[in-house]
């Protein structure tokens, strides 16, 4: 099993930092090859970006979609990814669900059965969602209770690669692939069987459903819809429309109607005596039934699942070619490209092929030709790593994401925290859309209306009297008192927290205010920039000089009685969302020099960091690092600001090697729609987007001898290493020697490192070498 993360900084230093070894997984991982076309065509290679030529390894062959289908340790449980078929940022994720049905992903590697292959999934959220309209092929007759049917799961007969999934279960071979809006399947029933059965369960989603119905159209098509949602208990639900069509006729038996008179499922029976193959296509739409049919017409051009899978693989190859790495072990390259793959699953396409989509006002809207409305943006989780990566690599998609958030706000009244489909969820605390928009502006191509974005950001932060979104949603709960007191008193609880979280909410609002200041500065609004930069210093109001921690305060300004670290095993501390005062102390990414000064200077900050990194994945109830949760993502990089970049290099390398692997258990926490995976991508490149809304990248040791990053619309960034070891002995940036522990994501084209096994006392240790402050 994956190591628990109890080896910390002291142990690593004493041992000389043993690198590269990861404990063998307890479960064998299917690595069977691609089941579609055996090679990339010459035309495809010729059309690949020039930077990718010279790299001879197909990155899609390195991706293991089973990574994350296991468990992430005691504090997280299941990681919740899914192994099924999809394309980058697709609407369709056709993937198996197992009986224990992990949140969002639906598939647990440790389960021994499959309950269906559903059409929608989210990769690694912390609440149940999606899993809409599972289908299940069976040989022989229909079961008496079709919604409860399962088939055995044998991993030896299972294959997954980008854009393709297959398994043989109970005698039936299921093969799945996808386009952006459609799915393609081939079911191979046992030869000689008189009939093959396919169960379609419209009411079989992961959350409570309503309005689930199906109806047959002739003997080759089944259409229907289902309303579901309520992510993490949110009020909103959305309606999904679907249209199945088969390449051969079937008999339809509708399941008993609900009390509303609708049939929630159907049993389709095919004559398989002479032909064991049944091919199926499905189109989805969140607009209407006509949209599902139109998406089928637009994209389902072949009944050959292998041809569809070949095109999906090419889509993934082009996406993964955005970063090319060379050298190192195959296991490391597989872990890297699997992490990049998981980073590019979401946000999901929400508009139809014709550009129609249903908005936050319940009306049908239209995006301009060539653009996409996106949904499912895990704001609190992804603003730290995944959104900067998206903006850096795919600025056009990032522009569409920004415009999607702006449209949500125009229709619903407020920027969303965690939009799912066409509704608010209010999940997690803070105001992450501010950071998302500022990061797209800072790292992308500035292809969205930043002025309008600023208006909406300021509206969310200061206009408190407008009606809530969709009748209940408030963008910044507690904001009136935040403006009055400079902090959110610790009587605040949001929809997903079981404790008060005034302290963590204050810290998140300070980050959001900094992001507003950065976007305001980028459009020349100096007054707004100054006002929100001042407000972003509100984290100071939590600092308790008596204890040296950031602590919650009540409405009268008092800190709670008792110790600053009132910790309980496995539980978040009161005042903090999913964490404690030791972990949130460092979550001031926009004002690190001031934080270090408050702690008594770099020496004292380093001593506290050394103690903090005694453990690397300690969970919410211990005063140590918790890599499996987002507030700690930036903490390993803080030594770059305290004169000890060698310790950033030590800690980051240990996390990469000890807590990530090419196994089902190979992530330290929920993937959270690419949040965890994108951290790995950045760290493996030796980079981290430290300060939201800026192009500042903190530096560590790259994992590979060579990497080439294709930045959309800009020159490539080439990263090379010479020598061996975890520490940086010297660095040249664009040909000039550099001691800086940071670089500019947009203004750097080449980084060449010389590595050593020992710490280099002179590199990056001067105060002038640290990442910039933003006064």
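The values are calculated or read from the model by the stated rules, or taken from the named source; none is laboratory data. A quick note: this is a predicted structure, and the numbers were derived from the prediction, not measured. So basically every Cβ, Gly included, is an ideal-geometry build from the backbone, and we count neighbours across all protein chains shown.
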When every residue in the stretch 179-228 that is under 20 Å from residue 300 (Cα atoms) and in contact with a helix residue (DSSP H, G or I) (Cβ under 6 Å, 6 or more places away or on another chain) is compared, the one surrounded by the fewest Cβ atoms within 10 Å (Cβ to Cβ) is 223
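Yes/no matrix, rows are residues, columns are (1) without any contact (Cβ under 8 Å) to a residue 60 or more places away in the chain; (2) touching a strand residue (DSSP E or B) at 6+ places or on another chain (Cβ under 8 Å):
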position: 113; (1), (2): yes, yes
position: 119; (1), (2): no, yes
position: 126; (1), (2): no, no
position: 149; (1), (2): yes, yes
position: 153; (1), (2): yes, yes
position: 157; (1), (2): yes, yes
position: 164; (1), (2): no, yes
position: 172; (1), (2): yes, yes
position: 189; (1), (2): no, yes
Residues to consider are 324, 333; find the one that is more than 15 Å from residue 179 (Cβ to Cβ), modelled with pLDDT of 95 or more and not in a helix (DSSP H, G or I). 324
Counting only residues that are in contact (Cβ under 8 Å) with a residue 40 or more places away in the chain and assigned to a strand (DSSP E or B), the stretch 687-725 contains a total of 11
Among the residues of the stretch 308-325, are any under 22 Å from residue 283 (Cα atoms), over 24 Å from the mean Cα position of the chain (by Cα) and either in contact (Cβ under 8 Å) with a residue 12 or more places away in the chain or outside the structural domain of residue 420 (by TED's automatic domain parsing) (or both)? yes
Tell me, which strands (runs of 3 or more DSSP E) lie completely within the stretch 133-212 with 1 or more residues that are within 27 Å of the chain's Cα centre (by Cα), modelled with pLDDT of 95 or more and at negative phi? 135-139, 158-161, 164-169, 172-178, 182-188
Which of the helices (runs of 4 or more DSSP H) found entirely inside the stretch 377-432 contain at least 2 residues meeting this: in the same structural domain as residue 680 (by TED's automatic domain parsing), over 15 Å from the mean Cα position of the chain (by Cα) and modelled with pLDDT of 95 or more? 386-393, 395-412
Determine whether residue 340 is part of a helix (DSSP H, G or I), in contact (Cβ under 8 Å) with a residue 12 or more places away in the chain, assigned by TED's automatic domain parsing to the domain that holds residue 431 and within 25 Å of residue 125 (Cα to Cα). yes
Restricting the search to the stretch 726-775, which residues are touching a residue at least 60 places away in the same chain (Cβ under 8 Å), more than 18 Å from residue 695 (Cα to Cα), in contact with a helix residue (DSSP H, G or I) (Cβ under 9 Å, 6 or more places away or on another chain) and in a loop (DSSP other than H, G, I, E, B)? 726, 759, 760, 763, 764, 765
May I ask you to say which residue of 483, 542 is within 29 Å of residue 695 (Cα to Cα) and touching a strand residue (DSSP E or B) at 6+ places or on another chain (Cβ under 7 Å)? 542
Taking the stated definitions as given, is residue 528 within 30 Å of residue 447 (Cβ to Cβ) and either surrounded by fewer than 18 Cβ atoms within 10 Å (Cβ to Cβ) or out of contact with any strand residue (DSSP E or B) (no Cβ under 9 Å at 6 or more places or on another chain) (or both)? yes
Does the stretch 697-713 contain any residue that is over 22 Å from the mean Cα position of the chain (by Cα) and at pLDDT below 95? yes
Out of the residues in the stretch 247-269 that are free of Cβ contacts under 8 Å to residues at least 40 places away in the same chain and assigned to a strand (DSSP E or B), which is nearest to the chain's Cα centre (by Cα)? 252
In the stretch 486-523, the residues that are under 27 Å from residue 690 (Cβ atoms), modelled with pLDDT under 95 and either in the same structural domain as residue 127 (by TED's automatic domain parsing) or surrounded by fewer than 24 Cβ atoms within 10 Å (Cβ to Cβ) (or both): 494, 496, 497
Filtered residue count, the stretch 370-400, keeping only those that are at positive phi and touching a residue at least 40 places away in the same chain (Cβ under 8 Å): 1
Taking the stretch 733-747 and keeping residues in contact with a strand residue (DSSP E or B) (Cβ under 6 Å, 6 or more places away or on another chain) and more than 16 Å from residue 770 (Cα to Cα) leaves 734
Take residue 290 and tell me if it is out of contact with any strand residue (DSSP E or B) (no Cβ under 8 Å at 6 or more places or on another chain), outside the structural domain of residue 360 (by TED's automatic domain parsing), surrounded by fewer than 18 Cβ atoms within 10 Å (Cβ to Cβ) and not in a loop (DSSP other than H, G, I, E, B). yes
Within the group 266, 290, 309, which residue is more than 25 Å from residue 114 (Cβ to Cβ) and either in contact with a helix residue (DSSP H, G or I) (Cβ under 8 Å, 6 or more places away or on another chain) or at pLDDT 95 or above (or both)? 290
Sort out which residues of the stretch 270-287 are touching a strand residue (DSSP E or B) at 6+ places or on another chain (Cβ under 6 Å) and either free of Cβ contacts under 8 Å to residues at least 24 places away in the same chain or crowded, with 19+ Cβ neighbours inside 10 Å (or both), and write them in order of number. 270, 272, 278, 280, 281, 282, 283, 284, 285, 286, 287
